[in-house]
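The values are calculated or read from the model by the stated rules, or taken from the named source; none is laboratory data. The model shown is predicted, which means the values in this text are computed figures rather than measured ones. Quick reminder, even Gly has a Cβ in these numbers, built from the backbone with ideal geometry, and neighbours come from all protein chains shown.
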Amino acid sequence: MYLLVLLFVGAALLFAYLYWLDKETTMIRYREFGIAIPSNYKIHGIDVSRYQQRIDWEAVKGMNIGGIRIEFAFIKATEGTGRKDFLFDRNWHHARKQGITRGAYHFFTPSRDGAAQARHFIRHVQLEPGDLPPVLDVEQSNGVTRAQLQERVREWLQEVEAAYHVKPILYTNVHFYERYLEGAFEDYPLWVAHYLQPNAPRIGRDWHFWQHSESGQVNGIKGKVDFNAFSGDSTDFVRLLLK
């Protein structure tokens, strides 16, 4: 009887250990990408702007290392109330042409009117079915108060949601979110930056995208590029896209 109990306990511990191994994210370093990539996430992507210069999107699409491919790209579109990334139109066109799911983002200037920034973004970004929701990149306070920042961020989000009929994604880093945004935008999808983490970003809420590195390498792109992982499976990913 004692032996049976030991066998039962041992089997239970083994099952628990195997379950933990299955759930625990491991970072696998890929020489070709130049970074370690979290293996428990199946959908990976990048984000780009003019700093990546002219991108060879066909080479980006063709890169497949150990089953890791670039399946989506967030592309900078606008900033503030008057700036547009001069490579946005090119990146926007060629990403879709190569079958890479694309998303457009606006770099937020907290000292400017949120609604005016939203209208600037809307003038320059035409979303289509199959695109990711629009993104607001908020990572600076520019000296405004927490309340002022939240008010202007909310103006942008509401104006853009009304224009595209989809909830925008909010991008920021863990520290900035906790200091300026936490508790005010919990119902918006979150794309969060948190580097040098082995498993997931350390944040106390659900998230959709995790920017886990700023030092990746991809065929067709000169210099370093940010790498991201999507939190769900392919069904979750498709559900997020514009219809």
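Within the set of pairs 6+ apart or on separate chains, which have a first residue in the range 121-132 that is without any contact (Cβ under 8 Å) to a residue 40 or more places away in the chain, a second that is surrounded by fewer than 18 Cβ atoms within 10 Å (Cβ to Cβ), and C-beta atoms under 8 Å apart?
The qualifying pairs do not exist here.
Collect the residues in the range 192-221 that are in a strand (DSSP E or B) and surrounded by 15 or more Cβ atoms within 10 Å (Cβ to Cβ), keeping them in residue-number order.
Passing the criteria: Val192, Ala193, Phe209, Trp210, Gln211, His212, Ser213, Gly216.
Considering only residues that are surrounded by fewer than 23 Cβ atoms within 10 Å (Cβ to Cβ) and in contact (Cβ under 8 Å) with a residue 40 or more places away in the chain, look in the range 97-112 and name the one that is farthest from the chain's Cα centre (by Cα).
Per the stated criteria, the residue is Arg112.
Among the numbered criteria (1) within 20 Å of the chain's Cα centre (by Cα); (2) buried (at least 21 other Cβ atoms within 10 Å of the Cβ), which single criterion is violated by Arg154?
(2)
What are the residues in the range 162-176 that are surrounded by 16 or more Cβ atoms within 10 Å (Cβ to Cβ), under 22 Å from Ala73 (Cα atoms) and under 18 Å from the mean Cα position of the chain (by Cα), if any?
Once the filter is applied, which keeps residues that are surrounded by 16 or more Cβ atoms within 10 Å (Cβ to Cβ), under 22 Å from Ala73 (Cα atoms) and under 18 Å from the mean Cα position of the chain (by Cα), the range 162-176 yields Val166, Pro168, Ile169, Leu170, Tyr171, Thr172, Asn173, Val174.
His94 passes all but one of (1) over 20 Å from Leu136 (Cβ atoms); (2) within 19 Å of the chain's Cα centre (by Cα); (3) modelled with pLDDT of 95 or more; (4) buried (at least 17 other Cβ atoms within 10 Å of the Cβ); which number fails?
With respect to (1) over 20 Å from Leu136 (Cβ atoms); (2) within 19 Å of the chain's Cα centre (by Cα); (3) modelled with pLDDT of 95 or more; (4) buried (at least 17 other Cβ atoms within 10 Å of the Cβ), His94 is out only on (2).
Among the residues of the range 123-142, is there at least one that is part of a helix (DSSP H, G or I) and more than 22 Å from Asp236 (Cα to Cα)?
Looking through the range 123-142, at least one residue is part of a helix (DSSP H, G or I) and more than 22 Å from Asp236 (Cα to Cα).
Please find, among Ala95, Ala104, Ala59, the residue that is in a strand (DSSP E or B), among the aliphatic types (A, V, I, L, M) and within 30 Å of Lys42 (Cα to Cα).
Only one candidate qualifies: Ala104.
Name the residue, out of Ala59, Ala147, that is over 30 Å from Asn199 (Cβ atoms), among the small types (Gly, Ala, Ser), without any contact (Cβ under 8 Å) to a residue 12 or more places away in the chain and out of contact with any Asp or Glu (no Cβ under 6 Å at 6 or more places or on another chain).
On the way: Ala59 fails: without any contact (Cβ under 8 Å) to a residue 12 or more places away in the chain.
Sole residue among the options that is over 30 Å from Asn199 (Cβ atoms), among the small types (Gly, Ala, Ser), without any contact (Cβ under 8 Å) to a residue 12 or more places away in the chain and out of contact with any Asp or Glu (no Cβ under 6 Å at 6 or more places or on another chain): Ala147.
Which of the residues that make up the range 181-200 are modelled with pLDDT of 95 or more and more than 19 Å from Val153 (Cα to Cα)?
Answer for the range 181-200, where residues must be modelled with pLDDT of 95 or more and more than 19 Å from Val153 (Cα to Cα): His194, Tyr195.
Every residue, every condition in (1) under 16 Å from Lys222 (Cβ atoms); (2) within 20 Å of the chain's Cα centre (by Cα); (3) hydroxyl-bearing (Ser, Thr, Tyr); (4) surrounded by fewer than 23 Cβ atoms within 10 Å (Cβ to Cβ), yes or no:
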site: Asp47; (1), (2), (3), (4): yes, yes, no, no
site: Arg50; (1), (2), (3), (4): yes, yes, no, yes
site: Asp56; (1), (2), (3), (4): yes, no, no, yes
site: Ala59; (1), (2), (3), (4): yes, no, no, yes
site: Gly62; (1), (2), (3), (4): no, no, no, yes
site: Gly66; (1), (2), (3), (4): no, no, no, yes
site: Ile70; (1), (2), (3), (4): yes, yes, no, no
site: Thr81; (1), (2), (3), (4): no, no, yes, yes
site: Phe88; (1), (2), (3), (4): no, yes, no, yes
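Assess whether Val138 counts as being under 26 Å from Phe227 (Cα atoms) and touching a residue at least 12 places away in the same chain (Cβ under 8 Å). Show your work before the answer.
On the way: under 26 Å from Phe227 (Cα atoms): yes; touching a residue at least 12 places away in the same chain (Cβ under 8 Å): yes.
Yes; evaluated as a whole, the condition is true for this residue.
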